[in-house]
1. Do you know which residues across segment 86-128 are part of a helix (DSSP H, G or I) and within 18 Å of Ala174 (Cα to Cα)?
2. Is it the case that some residue within segment 141-160 is closer than 27 Å to Gly29 by Cβ, at pLDDT 95 or above and either buried (at least 20 other Cβ atoms within 10 Å of the Cβ) or under 18 Å from the mean Cα position of the chain (by Cα) (or both)?
3. Out of all the residues in segment 227-239, is one or more at pLDDT below 75, open to solvent by 50 Å² or more (accessible area, probe 1.4 Å) and under 25 Å from the mean Cα position of the chain (by Cα)?
4. Which of the residues spanning segment 261-280 are modelled with pLDDT of 80 or more and open to solvent by 100 Å² or more (accessible area, probe 1.4 Å)?
5. Which residues, taken from segment 163-176, are open to solvent by less than 80 Å² (accessible area, probe 1.4 Å) and closer than 18 Å to Leu20 by Cβ?
6. Check Val47, Val58 and return the single one that is in contact with a Pro (Cβ under 9 Å, 6 or more places away or on another chain), crowded, with 21+ Cβ neighbours inside 10 Å and at pLDDT 90 or above.
7. Considering only residues that are among the charged types (D, E, K, R) and within 27 Å of the chain's Cα centre (by Cα), look in segment 75-115 and name the one that is surrounded by the most Cβ atoms within 10 Å (Cβ to Cβ).
8. Out of Ala49, Ala17, report the one residue that is in contact (Cβ under 8 Å) with a residue 60 or more places away in the chain, closer than 17 Å to Ala97 by Cα and either small (Gly, Ala, Ser) or in a helix (DSSP H, G or I) (or both).
Amino acid sequence: MTAPEPPDAAPAVAYDAVVLAGGAARRLGGADKPGLRVGGRALLDRVLAACADAGTTVVVADPRPTARPVRWAREEPPGAGPVAALDAGLRHATADAVVVLSADLPFLEVATVRRLLTALRSSGAEGVLLTDADGRDQPLVAAYRASALRHELTALISEHGGLTGLPLRRLTAALDLTRVPDPVASFDCDTWDDLAAARARIREHGHVLDEWISAVKDELGIDLDVDTGILLDLARDAAHGVARPAAPLTTFLVGYAAAQAKGGPEAVAEAARKAVALALRWADEDTPEAPSDAKPDAKADTTSGAESASGAKPDAPSSAPGPDAAG
């Protein structure tokens, strides 16, 4: 199995994306599924973030506000089914590879899309799709060779006189496919229970921080990947060495300084490094220092010895911090 690429790696191959977002959502009572939110972000926006480096992204649905610009398309007639929708989106794609996605994938990531493209390039197959926890094919979480899709769509039109109502398996059954197991990225929200499970998962300890940062960046229109570990270390040092409210204020000032410098991740890292050093120097001043010329007495003082023998300790120097001192 091909190892996933790091999130900041370049795409394995230039590609376009087709996102199908016009389904009836019958198991959700006809709700606007692409607009349902997980972690404060619409499902459609979460999917669009995962394919943000596509040359062209086509969403097959009626137009709606989205977090980033896309091209809109619609199958004819509307509601004609996923094969007809895929055909409508593919007509706007020009790249040799096309990533085909549904609009209800809460855990799809950039790394998943690049993993599919890497496998497509290296396998020589006509398509690479994910399989879910039960081993079932997920043809709407896949990368395909556009020429293979067009060839089979033409064959289906010739055979059936059109594409309306055809299931996706009629299209994918004729393709040479490679399968990649991924029960998380292939998880889709078909029911209200699925939606509740997705919302619960992102609030788990291991996911909540990354989810929150991604949501904030989308909300503020920030396209910047930084080392969150640096900022968390800074917040810890500021809270411990100075005062707890210093943590959020310091991280804000670091971000502001990086923006003033018109820098990217490197500017954030450099500002954070300086602030961490300051916090550590600040904390060091809370540690009493012994006089530089102090030397241990060679002879034991009889009074001190008596006090030691009795269990009493010498009085602390008057300059030592009292119990109310900071730190």
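The values are calculated or read from the model by the stated rules, or taken from the named source; none is laboratory data. From a predicted model like this one, the values you see are computed outputs, not experimental measurements. Please note: Cβ atoms are built from the backbone with ideal geometry, for glycine as well, and neighbour counts cover all protein chains shown. To get the accessible areas, we keep the full protein, side chains included, count just its heavy atoms, and leave off ligands, DNA and RNA. Shrake-Rupley method; radii C 1.70, N 1.55, O 1.52, S 1.80 Å.
1. Scanning segment 86-128 gives Leu86, Asp87, Leu90, Leu120, Ser123.
2. Looking through segment 141-160, at least one residue is closer than 27 Å to Gly29 by Cβ, at pLDDT 95 or above and either buried (at least 20 other Cβ atoms within 10 Å of the Cβ) or under 18 Å from the mean Cα position of the chain (by Cα) (or both).
3. Yes, there is a match, as at least one residue in segment 227-239 is at pLDDT below 75, open to solvent by 50 Å² or more (accessible area, probe 1.4 Å) and under 25 Å from the mean Cα position of the chain (by Cα).
4. Answer for segment 261-280, where residues must be modelled with pLDDT of 80 or more and open to solvent by 100 Å² or more (accessible area, probe 1.4 Å): Glu266, Arg273, Lys274.
5. Leu163, Gly165, Leu166, Pro167, Leu168, Leu171, Thr172, Leu175
6. Val47
7. Asp104
8. Residue meeting the stated conditions: Ala17.
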